[in-house]
Amino acid sequence: MKTLGNTASLLALLALAGTAFAGDTHPASGPPATATVPGKPDALSSTTALAIGQAAPMREIRMMSVDGHELSIADVAGKKGTLVIFMCNHCPWVKMWQGRIARIGNDALGRGVGVIAVNANDPAAYPEDDFDNMKTRAKDLGFKFPYVVDATSDLARAFGAARTPEAYLFDAKGKLVYHGAVDDNAREEKSVQSPWLQQAVTAVAAGKAVATGETKGFGCGIKFRAKSEI
């Protein structure tokens, strides 16, 4: 994946020295994120990430939300754009960013950008990722947007998503304009120099071009589901 942004931001992101390995639970250990993890069948290895300028795949597929309703990307699409965030409950990277994800997502709704958070993880691998825990997490974080189950992980596969968290922002025309990380410092919000996702949302809401369209993602590998858990 191509990485854009200023040198300081890139160094800060790389300094996280994080993990994208499917079994990792310690963000401070391991090499930088990669899309393929040898020997890890739940790591994405055969699909290609959605390219900038492409439309969201599987827009009409309905998924169960923590509020008990079935929703699709098309259902939540906003007039100004649509934000799709792949996340889960157990991943330490998600936990570091989840407060920011909640604020950015809630702010985006107020700006006319639709938002949907998607959990494609198999709770058999990590029970913390089950539906009841999703309900609790969404309530605790104050999500004003839906948190849904990708019950077969097919949406994640279609997007080419490989990790949690991973953000995809589409403009008013439905074209991908931002893909990647939330910002350049998961561990210390006060040290963030490049709030990429927030900047992209602000630009899309204003009908402007996104300055940084793609950044390197950091996170836990998605634990792909084989069948519906709901």
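The values are calculated or read from the model by the stated rules, or taken from the named source; none is laboratory data. The structure presented is a predicted model; accordingly, all values stated were derived computationally and were not measured. For neighbour counting, all protein chains shown are included, and Cβ atoms are generated from backbone atoms with ideal geometry for every residue, glycine included.
The table below gives the values:
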read-out: Near pairs, Cβ below 8 angstrom, 6+ apart or cross-chain, from segment 115-141 (within 30 Å of G174 (Cα to Cα) and in contact (Cβ under 8 Å) with a residue 60 or more places away in the chain) to any residue that is of a type in the set (S, T, Y) and in a strand (DSSP E or B); value: N121/T164; M134/Y147; A138/Y147
read-out: Residue in segment 168-180 that is at pLDDT 95 or above, out of contact with any strand residue (DSSP E or B) (no Cβ under 6 Å at 6 or more places or on another chain) and assigned to a strand (DSSP E or B) present; value: yes
read-out: Residue tally, condition closer than 21 Å to N89 by Cα and of a type in the set (F, W, Y), over segment 158-186; value: 2
read-out: Qualifying residue in segment 130-145 (condition: touching a Lys or Arg at 6+ places or on another chain (Cβ under 6 Å) and surrounded by fewer than 21 Cβ atoms within 10 Å (Cβ to Cβ)); value: no
read-out: Residue match in segment 187-196 (condition: in contact with a helix residue (DSSP H, G or I) (Cβ under 7 Å, 6 or more places away or on another chain), crowded, with 20+ Cβ neighbours inside 10 Å and in a helix (DSSP H, G or I)); value: no
read-out: Criterion: modelled with pLDDT of 95 or more, under 17 Å from the mean Cα position of the chain (by Cα), within 27 Å of Q199 (Cβ to Cβ) and not acidic (D, E) - qualifying residue of L44, L83; value: L83
read-out: Test result for L197, modelled with pLDDT of 95 or more and within 19 Å of P123 (Cβ to Cβ); value: no
